[in-house]
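Colleague: Just dropping this structure here.
The values are calculated or read from the model by the stated rules, or taken from the named source; none is laboratory data. Just so it is clear, the model here is predicted, and its values are computed rather than measured. Don't worry about glycine lacking a Cβ; one is built from the backbone with ideal geometry, like all the others, and counts go over all protein chains shown. The area values use the complete protein model at the heavy-atom level, side chains included, leaving out ligands, DNA and RNA. Shrake-Rupley method; radii C 1.70, N 1.55, O 1.52, S 1.80 Å.
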Amino acid sequence: MSTATPPYSPHAPSATAPGARDHFDICDVTPEGAAWLASAGAYPRSTLAHWEARPTAPVVLPCGSAFDVVNVPAIFGRRMLDRLWSEGPGSGPVATHRGRMLLFTAPGTAQRLPSLLHWEEWGHAVPPLLFHGAGDAVTGPAPTTRAALRPDQRQESRWVVAPDTRHPWLPGPEVMRWACVRAARASAQAAVRISIFPAPDPGANVYDVNRRH
């Protein structure tokens with residue numbers, strides 16, 4: 001008897017209007033990607049069957065074996081993702097859930113990354129992060145296509161970079177440290193640019209210099 005994991009077959013993807021996707025939103029979860037997510041648990045076949053029965057429900061994913069997860073505030077996570085794709089090696093799967101961004105990383109990252117940031121010069125500028133490793137679990141988006149989700153579900157929980165292979169590349173602690181530092185520097189530079197302009201005086205007279213008499 002074969003022990004291979006059966007394919008997961010969510011709703012077929014449908015076309016999305018041009019410009020409707022986030023520029024990082026590169027794919028939907030594929031059957032191979034869903035199988036990878038399910039492999040994180042002890043019973044992947046049962047997990048896939050449950051997802052087929054409830055294709056739009058958020059899922060609980062155990063961490064520590066197939067992946068760890070670095071859980072960051074959404075804006076800071078966006079800055080990390082910008083740096084990973086524009087200056088670095090790219091990212092692994094990435095999801096958003098209830099105002100947080102979940103970056104899937106290599107197993108062991110959750111244990112190593114906090115100490116790397118502790119000794120990093122810019123570590124103080126990194127907002128509080130959550131690290132999910134062995135013994136932890138995270139709630140993430142349903143492993144299905146965007147077309148199958150209601151608009152409110154897409155806003156609350158969605159894949160930004162969806163898993164599409166049984167063996168996705170996952171960044172390790174050094175890559176994540178690098179991304180955190182770059183994102184922290186970008187945040188500091190943005191704050192400096194804003195602060196050099198004084199706040200407008202609500203009582204000041206404003207003149208339209210384009211009007212000529």
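Colleague: Chymotrypsin sites (Phe, Trp or Tyr not before Pro) within segment 26-121: which are DSSP loop residues with at most 13 other Cβ atoms inside 10 Å?
Modeller: Listed in order of number, the matching sites are 119.
Colleague: With Cβ to Cβ distances under 13 Å as the rule, what net charge do the other residues near residue 87 carry (K, R +1; D, E -1)?
Modeller: Local charge sum for residue 87: +3.
Colleague: Shape of segment 42-169 from its Cα gyration tensor (a ≥ b ≥ c, root eigenvalues): rounded if a/c is under 1.5, otherwise prolate when a/b > b/c, or oblate?
Modeller: Judged from the Cα gyration tensor, segment 42-169 comes out prolate (a/c at least 1.5, a/b above b/c).
Colleague: Another question, if that's okay. First check a/c for segment 107-148, with a ≥ b ≥ c the square roots of the eigenvalues of its C-alpha gyration tensor; if it is under 1.5, answer rounded, and if not, answer prolate when a/b is larger than b/c or oblate otherwise.
Modeller: Verdict is prolate for segment 107-148.
Colleague: Give, as a single signed number, the net charge of other residues whose beta carbon lies under 12 Å from the beta carbon of residue 177, with Lys and Arg counted +1 and Asp and Glu -1.
Modeller: After counting each charged neighbour, the total is 0.
Colleague: Give me the dipole magnitude in Debye, nearest 20, for segment 76-131 about the Cα centre, with unit charges on the beta carbon: positive for Lys and Arg, negative for Asp and Glu.
Modeller: Taking the Cα centre of segment 76-131 as origin, the dipole is about 260 debye.
Colleague: At a probe size of 1.4 Å, how large is the accessible area of residue 46, to the nearest 10 Å²?
Modeller: Its heavy atoms expose roughly 80 Å² to the probe.
Colleague: Here is a follow-up. Can you give the net charge of the other residues whose Cβ lies under 12 Å from the Cβ of residue 114, counting K and R as +1 and D and E as -1?
Modeller: Value of the local net charge: 0.
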